[in-house]
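Here's the structure, in structure tokens; my notes come after.
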């Protein structure tokens, strides 16, 4: 019974995700679904990528949070179009939330949309949004064992960012173990080592995203 | 329809949680449900508290994870009784999982059980396990805005640990903002500033827990 209902919910989500995907394809819009633990650097990555890429492409942002508009205010203060989704307790975004947010944004053709998902390494990985790319951030202080514990998230990622590289000298983090964990799940996924404090890896990451537009 | 089913699931959980609570009360067992983001220090806190407290009280551990037995192996290697629960994709522990794990442990009277929940600041806060105490860990690198975004978790905590204090000099973290965020939700909750690298705050935390046994 429960399983059947879950199946219906997921299939309704998949149908709307498919509609979103068609809409994005028709308008030549690239959408990047950014997923990570709380505090891994989702908003910071969006802010820094906007700085690097906004000369080349029109950018808007969908901010997902359980509550608050702290992150969307940060982006809005930079002068960019942002829609806040508050899930009111919900632990992930779904395709229908994205559909409504995109209607509110009315994005330009050939533009880029960053979607900041709810801070959670579990649930967001199960919900297709119709996005072009799933970008997963893992940060150094979280530890090197995350790919072994949050399998679905790392398995389905199209690109992985290892963030807060500037902290690696202060914590125990075995980079080889982390990378082996990812390779076992997702052999060819690109991994970018990044620090927004030192600037490490940001150009490489934004160049990679540009190459996918 | 969906809402009704969710209500049934939650009320079934609450019934089993109530059974657990009675069982723990009858046997004079203290159970501490430890919740946090991935990588905030849940396993480390259990290991360090076992070191400080195992002379005084019999301790066992329930380890919740989506997949893997990395954490339970750590605890087992110290010679303590541990039961691993793998939720197989599920984003939180529930009362029935705890009931089964406790049957497997068969804990002594007047003992202590640490429950490590799935790494997630969202879903675990909605599920009563019948525990004596909800201990929420937030770590410095996650940032000071977490209480404003993950309201239910901080609102329902019985004790809060601010972990990785040794990293505060390397990141932007406004402690006043963090504490104000908590006080707005949960005025009298004790907050312990802790670092397992430097030893800061561990005795204060273990003394507090001892006082609650």
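At a glance:
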item: Among (1) farther than 25 Å from residue A:123 by Cα; (2) modelled with pLDDT of 95 or more; (3) touching a helix residue (DSSP H, G or I) at 6+ places or on another chain (Cβ under 6 Å), the one test that residue B:133 misses; result: (3)
item: Residues that are more than 13 Å from chain B (Cβ to nearest Cβ) and in contact with a strand residue (DSSP E or B) (Cβ under 9 Å, 6 or more places away or on another chain), drawn from the stretch A:61-78; result: A:61, A:62, A:75, A:76
item: So residue B:31, is it more than 29 Å from residue A:36 (Cα to Cα) and touching a strand residue (DSSP E or B) at 6+ places or on another chain (Cβ under 8 Å); result: yes
item: Condition broken by residue B:24, with the remaining ones in (1) assigned to a helix (DSSP H, G or I); (2) surrounded by fewer than 17 Cβ atoms within 10 Å (Cβ to Cβ) satisfied; result: (2)
item: Some residue of the stretch B:175-183 being under 22 Å from residue B:49 (Cβ atoms) and surrounded by 15 or more Cβ atoms within 10 Å (Cβ to Cβ); result: yes
item: Wholly within the stretch A:79-173, strands (runs of 3 or more DSSP E) carrying at least 3 residues that are within 26 Å of residue A:197 (Cα to Cα), in contact (Cβ under 8 Å) with a residue 12 or more places away in the chain and within 14 Å of chain B (Cβ to nearest Cβ); result: A:133-139
item: Selection within the stretch B:28-53 - part of a loop (DSSP other than H, G, I, E, B) and within 14 Å of chain A (Cβ to nearest Cβ); result: B:37, B:38, B:39, B:40, B:41
item: Failed criterion for residue A:56 (all others in (1) assigned to a helix (DSSP H, G or I); (2) surrounded by fewer than 15 Cβ atoms within 10 Å (Cβ to Cβ); (3) away from chain B (no Cβ under 14 Å) hold); result: (1)
item: Residue tally, condition crowded, with 18+ Cβ neighbours inside 10 Å and in a helix (DSSP H, G or I), over the stretch A:186-213; result: 4
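Residue by residue, here is whether (1) more than 24 Å from residue A:154 (Cβ to Cβ); (2) in contact with a helix residue (DSSP H, G or I) (Cβ under 8 Å, 6 or more places away or on another chain) holds:
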site: B:49; (1), (2): yes, yes
site: B:54; (1), (2): yes, no
site: B:64; (1), (2): no, yes
site: B:69; (1), (2): no, no
site: B:77; (1), (2): yes, no
site: B:92; (1), (2): no, yes
site: B:96; (1), (2): yes, yes
site: B:111; (1), (2): yes, no
site: B:118; (1), (2): no, yes
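The values are calculated or read from the model by the stated rules, or taken from the named source; none is laboratory data. Here the structure is a predicted model, which means the values were calculated and not measured. Heads up, the Cβs are rebuilt from the backbone with ideal geometry, glycines too, and the neighbour counts pull from every protein chain shown.
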